[in-house]
Amino acid sequence: MTTPTRNALTDVAGLRVGHATRAGEGGWLTGTTVVLAPEGGMTAAVDVRGGGPGTKETDALDPRNVVRHIDAVTLTGGSAYGLDAASGVMAWLEEQGRGVRVGAGPREVVPVVPTACVFDLGRGGEFRARPDAATGREAVEAAAASAPGSPVAEGSVGAGTGAVIGGLKGGVGTASTVLDSGVTVAALVVANAVGSAVDPATGALYGRFFAPDRADARDGGPQPHSHPYPYPSPETHAAAQERIARTKGEAGGQAPPMNTTLAVVATDAVLTRSQAHKLAGTSHDGIARAVRPVHLLNDGDTVFAVATGTRPLDEANPLALNDILAAGADMVTRAIVRAVLAAESVRGPGGTFLSYGDLYGS
């Protein structure tokens, strides 16, 4: 496997990503992220394993149902309220004549926009500051305006603006790889979990030991001959734990843990809807490697799998699909690591959420 230059979801040709970020005055700390398909749409599936999901149009992705292709996936903050962001994405797609055709007119379509939300209510200080249709429209317009193959902003942006993972600041992360077959597999995540990404005994990020080429947000590429992720020194870890405890004390305790990790795993391979469903399921392993514990009652962990279908599977290789399944999980793990490393500390009326980088450095 090799790591493309951008190391992002947009390495799957045709996919574009747009963020709408709301942070600052008025108690805002939330946002929306849209993954926009190429013209003609993409095959899609979903696997939901968290006990508290907030989703829309996921039933449409069941392989037994009628929808064959979709044009966008929306990830959003705002818990169930934020699902309204999908309305803005639908409105934009309708104007473009993109969706399930239900009549003869060019705009007689019904766009199907699978959507999932994370819990970030009140983290900026105002419980009612959450994404709506205008936020979703801004995100999809940003995706449409981006050049093909554009880099994807990571950290505290879009749906990751108010993300928190195990008490530390979370965010958006992305990663990609090209298999020996030439197939590209990539992931984009919103890391916002009840569980922690950090080993409490050492301060090491769980996911750093599973990244296949050990690429992350700082080194950006493979380092095959040495392990670039030493444990933090005991002194650094002790100081970090002290700062975390002090922050919790200043805040007078923390709100109940209500979170969710979201992911979109993408490939340019030709996949059936059943194969895409399998990819969504196995990609959950990537969350389990990077976050402990996972899939709790207060999580809504959801993975979408999408396939643009420009590269046929190698029929001579009976393990070709297995390679994609394995890579999907790997990319989710790596993307979570990148999200945690790219996140920035937030201090505001809704609380103080320290970043891993602020606590442990590079």
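Quick rundown of the values:
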{"item": "Cα centroid of the range 33-105 to Cα centroid of the range 280-294, whole Å", "result": "23"}
{"item": "Hz values of 3J(HN,Hα) by residue in the range 339-347 - Karplus curve (6.51, -1.76, 1.60), Gly and Pro given as x", "result": "4, 5, 6, 7, 5, 10, 4, 10, 10"}
{"item": "30 Å Cα-Cα reach of residue 278 towards lysines, excluding residues that sit fewer than 8 places from it in its own chain", "result": "56"}
{"item": "Average accessible area per residue (Å²) across the chain - probe 1.4 Å, nucleic acids and ligands excluded", "result": "39"}
{"item": "DSSP-defined antiparallel bridges as percent of all bridges, the chain, nearest 5", "result": "85"}
{"item": "From phi via Karplus (6.51, -1.76, 1.60), per-residue ³J(HN,Hα) for the range 231-246 in Hz, x at Gly/Pro", "result": "5, x, 5, x, 5, 5, 5, 4, 5, 5, 5, 5, 5, 4, 5, 5"}
{"item": "Inter-label distance for residue 65 and residue 358, nm, one decimal - labels placed 7 Å from Cα along Cα-to-Cβ", "result": "4.0"}
{"item": "Within the accessible area of the chain (1.4 Å probe), percent carbon and sulfur", "result": "52"}
{"item": "Per DSSP, loop chymotrypsin sites (Phe, Trp or Tyr not before Pro) in the range 273-362 with at most 12 further Cβ within 10 Å", "result": "none"}
{"item": "Beta bridge orientation in the range 48-193: antiparallel %, DSSP, nearest 5", "result": "85"}
{"item": "10 Å Cβ shell holding at most 11 others, DSSP loop, GluC sites (Glu not before Pro): longest site-free stretch of the chain", "result": "40-314"}
{"item": "Residue of 177, 58, 32 that the Gaussian network model of the chain assigns the largest fluctuation, springs spanning Cα pairs under 10 Å", "result": "58"}
{"item": "Under-5 Å amide H pairs with residue 164, H placed in peptide plane, nonlocal only", "result": "170, 193"}
{"item": "Rounded to 5, percent antiparallel among DSSP beta bridges of the range 248-362", "result": "30"}
{"item": "The range 69-119: trypsin sites (Lys or Arg not before Pro) in DSSP coil with no more than 16 other Cβ atoms inside 10 Å", "result": "107"}
{"item": "Under Karplus coefficients 6.51, -1.76 and 1.60, residue-wise ³J(HN,Hα) of the range 27-43 in Hz, glycine/proline x", "result": "x, 8, 7, 6, x, 9, 10, 10, 9, 9, 6, x, 3, x, x, 8, 5"}
{"item": "Square roots of five times the Cα gyration tensor eigenvalues for the chain, Å", "result": "31, 25, 16"}
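The values are calculated or read from the model by the stated rules, or taken from the named source; none is laboratory data. Everything quoted here is computed from the prediction, not taken from an experiment. All Cβ positions, glycine included, derive from the backbone under ideal geometry; neighbour counts span all protein chains shown. Surface areas here come from the heavy atoms of the whole protein model, side chains and all, with no ligands, DNA or RNA. Shrake-Rupley method; radii C 1.70, N 1.55, O 1.52, S 1.80 Å.
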